[in-house]
Number of protein chains: 2
Amino acid sequence: MITLALVDDHTMLRKSMAALLRLMGGFEVIFQASNGKELIEYLEDQTWPDLVLMDVSMPVMSGPETTRWLREHYPELKVVALSMVRSENTIIRMMSSGARAYLLKDAEPEELVRMLEEVHQHGFAHNEMVPSLPGRTVSSQPIQLSDQEKVYMQWVCSEKSHKEIAELMQLSPRTIDGYRDSLLKKLGVGSRVGIVMYALQHGIVAL
Amino acid sequence: MITLALVDDHTMLRKSMAALLRLMGGFEVIFQASNGKELIEYLEDQTWPDLVLMDVSMPVMSGPETTRWLREHYPELKVVALSMVRSENTIIRMMSSGARAYLLKDAEPEELVRMLEEVHQHGFAHNEMVPSLPGRTVSSQPIQLSDQEKVYMQWVCSEKSHKEIAELMQLSPRTIDGYRDSLLKKLGVGSRVGIVMYALQHGIVAL
DNA sequence: AATAGATTAGGTATAAATACCTGATTTTGT
DNA sequence: ACAAAATCAGGTATTTATACCTAATCTATT
């Protein structure tokens, strides 16, 4: 019997998958969390699961963020990424953060079971998504965003102009410009739309 | 025993919810589809389910689109919307397309069961999401987008400028400006970011 | 053949976003 | 207490985006 923790912000998916894994047999979901922070708090004084099935985009603490934290503090704990998107960027981010495998929410339950068993036995799993990333050197250090930059990202996904954002954040429009300049550089994108897409794809801002 | 059809593009969620509903008892999932078109094709020569649990954003044929088609052709068939987003716009679009209830993927399984039973019995269900829409007259006719506008929407979610988009679409930059102007008006948004958010929230462009 | 509607595209003016500077103040680590 | 780093904000120039015109061309319908 393999024990699992499920981490995903959609209650319905989480509880459903727990039901599915129960029916398929061989797995026991011993904990569910709706974001990374809840998982970390749980791990402090409870028995660990064999595997963590982790969503990518979640509020409060995202998948990559949480996976990196786990690699730092509990390196033996095995994380399997569960994601909606095929985006190469997302795959790289999860895998370079320490995930052992990357599974799509599009996948069949049989694929899920196969992958969980494989990771449990060997510590990693072969799958089609991951090796499609060639020699590209992965920028393994995560992008660090300041609190203000995160607040700005929330507004940048709205129709508000920088002047309006400045009023809302009680700062000079120039400062807001500065946040944009800094994010364009940090995220490696070329326009406000690029920031918006980054924020959404990485779960920093909810759709 | 209430029979159900599940329509959602994420296999994992679909099959998991089928497992969940089986465990909770009282429901039988007799058909699953990954988009509206599959459901419609199925209905042509099969027995109907009591209820359809329908995702909003799906490829090929979306939730609102499918729900409208069902209201036209099989008005007795009851649709319950299942969505990731709280966006007022999305709620309005599903409900005015003929959905009997609107449920979040964040909800608890108990809430799901309650709502399914209620819709099955009374044809509608009370929930907190929907009545939060006051007197606002709902523009019940869906927003019609031309093919070119849809192509443009794909590019507008990238970092490309209108000059670049014009080259890609083999048209004058002025024409691209025209698409933007038209979409800003049609969608009722005020900037390019507004168009991006609309496209993503409505599944016109994939994240 | 005439009308309506959609598509494409030009003109012009203003507002917003981007790029790359600079420096003052505040926080943080040691 | 000191140095390093982050935060906030001003200057300036260029590029994009937005708003609101007009009009030629094509298509479908009556």
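The values are calculated or read from the model by the stated rules, or taken from the named source; none is laboratory data. The structure displayed is predicted, hence computed values, not measured ones. Cβ: placed from backbone, ideal geometry, glycine included. Neighbour counts: every protein chain shown.
The residues of the range B:189-199 that are at pLDDT 90 or above and near DNA strand D (Cβ under 8 Å from one of its atoms), listed by number, are B:SER191, B:ARG192, B:VAL193, B:GLY194, B:ILE195.
If you go through the range A:1-19 and pick out every residue that is within 7 Å of chain B (Cβ to nearest Cβ) and under 15 Å from A:MET115 (Cα atoms), you end up with 1. Considered as a group, the residues in the range B:147-163 that are within 14 Å of chain A (Cβ to nearest Cβ) and part of a helix (DSSP H, G or I) include one that is farthest from the chain's Cα centre (by Cα), and that residue is B:LYS163.
Is the range A:43-53 home to any residue that is of a type outside the set (Gly, Ala, Ser) and within 14 Å of chain B (Cβ to nearest Cβ)? Scanning the range A:43-53 turns up at least one residue that is of a type outside the set (Gly, Ala, Ser) and within 14 Å of chain B (Cβ to nearest Cβ). If the condition is being away from chain B (no Cβ under 14 Å) and touching a residue at least 12 places away in the same chain (Cβ under 8 Å), then the range A:177-207 contributes A:ASP177, A:TYR179, A:SER182, A:LYS186. When residues in the range B:164-207 are screened for being outside any loop (DSSP other than H, G, I, E, B) and among the polar types (S, T, N, Q), 3 of them pass. Applying a threshold of 6 Å to beta carbon distances and a minimum spacing of six or more residues, or different chains, the list of pairs starting in the range B:58-84 at a residue that is within 14 Å of another protein chain (Cβ to nearest Cβ) and free of Cβ contacts under 8 Å to residues at least 60 places away in the same chain and ending at one that is small (Gly, Ala, Ser) and assigned to a strand (DSSP E or B) reads B:VAL80/B:ALA101.
Considering only the range B:164-183, state which residues are under 23 Å from A:GLU164 (Cα atoms) and over 21 Å from the mean Cα position of the chain (by Cα). Answer for the range B:164-183, where residues must be under 23 Å from A:GLU164 (Cα atoms) and over 21 Å from the mean Cα position of the chain (by Cα): B:ARG180, B:ASP181.
The condition of being touching a helix residue (DSSP H, G or I) at 6+ places or on another chain (Cβ under 9 Å), near DNA strand D (Cβ under 8 Å from one of its atoms) and outside the structural domain of B:PRO64 (by TED's automatic domain parsing) does not hold for B:LYS186.
In the range A:20-33, of all residues being part of a helix (DSSP H, G or I) and crowded, with 23+ Cβ neighbours inside 10 Å, the one that is farthest from the other protein chains (Cβ to nearest Cβ) corresponds to A:LEU21.
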